[in-house]
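The structure's right below; bear with me while I get my questions together.
The values are calculated or read from the model by the stated rules, or taken from the named source; none is laboratory data. Note that the structure is a prediction, hence the values are computed from the model and not measured. Because the Cβ atoms are built from the backbone with ideal geometry, glycine has one as well, and the counts that use them run over all protein chains shown.
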């Protein structure tokens, strides 16, 4: 059985990290690498494209492929399932559907998603709990063009977060964390004092054909975030 593109990727990455291929150096072309490794040129191409996407290589048409002088690793993030986050803390997850309605998306949300004014959307508000204590409050707008099935799915049984992860593929997104003063609505649902500092995540996700959702997730006071790079 021949080498896979993952095998080529691992070998090329080893050469880069060991400085066998020096920063800025031109590496062998695809045909040479394929002959040296005894595999198809397409397999080499797939591996090198992945390394370029990860920031290890710089590929230029007719100029060859070089090792990046200063590799810039791209952060890759998956949309977390809140149920799994809570259960990983050793706590019991539950969620409460506060309300849901199909209406016109407000301008600030349609602008964020690049949608025209007056786009029809499903507005869902939910509360996530850990051991029956408020964990996070979610205010979400879902583009019905991208996710028409959201209107009839049982969001009282499965959270909007988990249903969308399972049913609405996305190709890219934006996210922004900030520390803000809890609004009256957020304080009421989270059971905290109006104006107390809380962590807020605002995220927009986009599918291959249309924007999917814009969401604001407000965590209860004391929440902390840990990222692994």
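Considering the range 3-21 alone, what residues qualify as being loosely packed, with under 13 Cβ neighbours inside 10 Å and either in contact (Cβ under 8 Å) with a residue 24 or more places away in the chain or not in a helix (DSSP H, G or I) (or both)?
6, 18, 19, 20
Quick one: count up the residues across the range 133-152 that are farther than 21 Å from residue 208 by Cβ and in contact (Cβ under 8 Å) with a residue 60 or more places away in the chain.
Number of matching residues: 7.
Of all residues in the range 178-196, how many are closer than 19 Å to residue 96 by Cα and surrounded by 18 or more Cβ atoms within 10 Å (Cβ to Cβ)?
Adding up the residues that qualify gives 5.
Among the residues of the range 197-222, what is the count of those that are surrounded by fewer than 15 Cβ atoms within 10 Å (Cβ to Cβ) and either free of Cβ contacts under 8 Å to residues at least 40 places away in the same chain or outside the structural domain of residue 110 (by TED's automatic domain parsing) (or both)?
Residues meeting the conditions: 3.
A further question on this structure: Applying the selection to the range 41-61, what residues are surrounded by fewer than 14 Cβ atoms within 10 Å (Cβ to Cβ), touching a residue at least 12 places away in the same chain (Cβ under 8 Å) and part of a loop (DSSP other than H, G, I, E, B)?
55
Residue 69 - would you say it is over 30 Å from residue 213 (Cβ atoms), part of a loop (DSSP other than H, G, I, E, B) and out of contact with any helix residue (DSSP H, G or I) (no Cβ under 9 Å at 6 or more places or on another chain)?
So residue 69 passes the test.
Then there's this: Just to check your reading of the model, which residue among 133, 127, 144 is in the same structural domain as residue 203 (by TED's automatic domain parsing), at pLDDT 95 or above and over 25 Å from residue 198 (Cα atoms)?
Result of the check over 133, 127, 144: 144.
Given the criteria modelled with pLDDT under 95 and either assigned to a strand (DSSP E or B) or crowded, with 16+ Cβ neighbours inside 10 Å (or both), does residue 100 qualify?
No, not satisfied.
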